[in-house]
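Enquirer: Just dropping this structure here.
The values are calculated or read from the model by the stated rules, or taken from the named source; none is laboratory data. Just so you know, these numbers come straight off a predicted model, no measurement behind them. Quick reminder, even Gly has a Cβ in these numbers, built from the backbone with ideal geometry, and neighbours come from all protein chains shown.
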Amino acid sequence: MKDYFFYILLLLIPVINNSGSRILVPAMEEKPDLYAALNLSAMGLKKEVFQLALKGYHKLETLGKFQNNYILTIIDFSQSSKNKRFYVIDLLHKALLFNTYVAHGKNTGGEYADHFSNVSGSCQSSLGFYITKEEITGKSVGLSLILDGLEKGFNDNAMKREIIIHGADYATEKFIRKNGRLGRSFGCPSLPPDLVKPVVETIKEGSCLFIYYKDDRYIRGSAFVN
């Protein structure tokens, strides 16, 4: 009888969640069904890129880096700028939320990206893992999202460089039809204007964003993909 009342008492005591609003997402590196279920191959995202993104995401998750921690955004700059190479994935509900165009920096390449930099004034994109910050309204680009680079030597100057997600008319299918490729930014990952607000609202304030290119220096030097 004593044990019975102790059990009832346990049921009445509220559970304390020290993690606040964080939602823990089970590790998925070993579950290829997620890649298949999201049909990411048909969307142009290679499996090895997806796996690198998950690997880094889970390393950062164990460090408690994220607040909006079930959202993973992947930008695959190994693809042509004519491809929809921007992916927002809901890992908790296993859903692809957005797949759209994204521009790279004007000194990063033409149709294809191939040069990257962490240096202010380079007008090049930066590789690696970022955490999204708050939304802002820029004087020239409107609604935008601040990005904080997490990889020393690769993208940790992102905030100093004012690397943000914002909308641009040159990041549209209409621009591709007219020019044969997407336009280019000063280094920011620019999106179609009509998608900026829903994307920003989804990924802002503490989610993971990964910018990929098969760059040997990055692959060897990143603490999160090794």
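Enquirer: At least 1 residues that are more than 19 Å from Tyr57 (Cβ to Cβ) in each: list the strands (runs of 3 or more DSSP E) lying fully within segment 134-226 that qualify. Let's see the steps before the verdict.
Expert: Numbers: elements: 142-149, 164-167, 208-212.
Filter on segment 134-226 gives 142-149, 164-167.
Enquirer: Answer yes or no: is there a residue in segment 180-196 that is surrounded by fewer than 16 Cβ atoms within 10 Å (Cβ to Cβ), over 22 Å from Leu45 (Cβ atoms) and in contact with a strand residue (DSSP E or B) (Cβ under 7 Å, 6 or more places away or on another chain).
Expert: The answer is no, given that none of the residues of segment 180-196 is surrounded by fewer than 16 Cβ atoms within 10 Å (Cβ to Cβ), over 22 Å from Leu45 (Cβ atoms) and in contact with a strand residue (DSSP E or B) (Cβ under 7 Å, 6 or more places away or on another chain).
Enquirer: As an exercise: evaluate Ile75 against (1) assigned to a loop (DSSP other than H, G, I, E, B); (2) under 18 Å from Pro193 (Cβ atoms) and give the number of the one condition it does not meet.
Expert: Of (1) assigned to a loop (DSSP other than H, G, I, E, B); (2) under 18 Å from Pro193 (Cβ atoms), only one is false for Ile75: (1).
Enquirer: Considering only segment 166-176, how many residues are more than 20 Å from the chain's Cα centre (by Cα), without any contact (Cβ under 8 Å) to a residue 40 or more places away in the chain and farther than 13 Å from Glu111 by Cα?
Expert: Result for segment 166-176: 2.
Enquirer: Looking at (1) surrounded by 18 or more Cβ atoms within 10 Å (Cβ to Cβ); (2) outside any loop (DSSP other than H, G, I, E, B), find the lone condition where Ser125 falls short.
Expert: (2)
Enquirer: I would also like to ask the following. Would you mind finding the one in Gly153, Gly142, Gly149, Gly187 that is small (Gly, Ala, Ser), closer than 11 Å to Ser126 by Cβ and touching a His at 6+ places or on another chain (Cβ under 9 Å)?
Expert: Gly187
Enquirer: Every residue in segment 36-72 that is in a loop (DSSP other than H, G, I, E, B), crowded, with 20+ Cβ neighbours inside 10 Å and aromatic (Phe, Trp, Tyr), please.
Expert: Residue satisfying the conditions is Phe66 alone.
Enquirer: Please go through segment 150-199 and give me each residue that is within 30 Å of Ala223 (Cβ to Cβ) and among the aromatic types (Phe, Trp, Tyr), ordered by number.
Expert: Within segment 150-199, Phe154, Phe186 qualify.
Enquirer: In segment 197-226, what residues are surrounded by fewer than 16 Cβ atoms within 10 Å (Cβ to Cβ) and among the basic types (Lys, Arg)?
Expert: Residues satisfying the conditions are Lys197, Lys214, Arg217, Arg220.
A quick yes/no check of all residues on (1) in contact with a strand residue (DSSP E or B) (Cβ under 7 Å, 6 or more places away or on another chain); (2) modelled with pLDDT under 95; (3) more than 13 Å from Tyr212 (Cα to Cα):
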| position | (1), (2), (3) |
| --- | --- |
| Ala36 | no, no, yes |
| Asn39 | no, no, yes |
| Met43 | yes, no, yes |
| Lys47 | no, no, no |
| Leu52 | yes, no, no |
| His58 | no, no, yes |
| Glu61 | no, no, yes |
| Ile75 | yes, no, no |
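Enquirer: Also: With respect to the numbered conditions (1) in contact with a Lys or Arg (Cβ under 8 Å, 6 or more places away or on another chain); (2) on the phi > 0 side of the Ramachandran plot; (3) of a type outside the set (Val, Ile, Thr), which one is the sole condition not fulfilled by Gly153?
Expert: Status for Gly153: all satisfied but (1).
Enquirer: Condition first: part of a loop (DSSP other than H, G, I, E, B) and either surrounded by fewer than 17 Cβ atoms within 10 Å (Cβ to Cβ) or touching a Cys at 6+ places or on another chain (Cβ under 7 Å) (or both). Now tell me which residues in segment 83-117 satisfy that.
Expert: Residues satisfying the conditions are Leu92, His93, Lys94, Lys106, Asn107, Gly110, Glu111, Tyr112, Asp114, His115.
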